[in-house]
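Here the structure comes first, spelled out in structure tokens, and everything after it is commentary.
The values are calculated or read from the model by the stated rules, or taken from the named source; none is laboratory data. Note that the structure is a prediction, hence the values are computed from the model and not measured. FYI the Cβ positions are ideal-geometry reconstructions off the backbone, even for glycines, and counts take in every protein chain you see.
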């Protein structure tokens, strides 16, 4: 089992309120959930109207498959011209050995 998370730090230069921010990031979250079958959440900067940190998680039977899913999600996020990606990083869940 391979579990991985993609965390994307975004700048939203066109949003002037938290309501506008939600309107900008909801299509990203819902689209990724629907198209790529990943778990999604805004995990940081919830009270900042011009920044957001989004997390996308997947579990797969192979490392290659998990990487492909998160690569596709990252391309999907880049497809929104109103969002600026400041940074992105990935992490892996290490499976513990059980006796």
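Within segment 60-82, the presence of a residue that is modelled with pLDDT of 95 or more and in a strand (DSSP E or B) is excluded. Against the conditions (1) over 13 Å from the mean Cα position of the chain (by Cα); (2) at negative phi, residue 45 satisfies every one except (2). With respect to the conditions (1) part of a loop (DSSP other than H, G, I, E, B); (2) surrounded by 12 or more Cβ atoms within 10 Å (Cβ to Cβ), residue 85 falls short on a single one, namely (1). For segment 73-82, the set of residues classified as surrounded by fewer than 16 Cβ atoms within 10 Å (Cβ to Cβ) and in contact (Cβ under 8 Å) with a residue 12 or more places away in the chain consists of 82 only. Against the conditions (1) assigned to a strand (DSSP E or B); (2) surrounded by 11 or more Cβ atoms within 10 Å (Cβ to Cβ), residue 15 satisfies every one except (1). Number of residues in segment 33-68 that are surrounded by 14 or more Cβ atoms within 10 Å (Cβ to Cβ), touching a residue at least 40 places away in the same chain (Cβ under 8 Å) and touching a helix residue (DSSP H, G or I) at 6+ places or on another chain (Cβ under 8 Å) equals 7.
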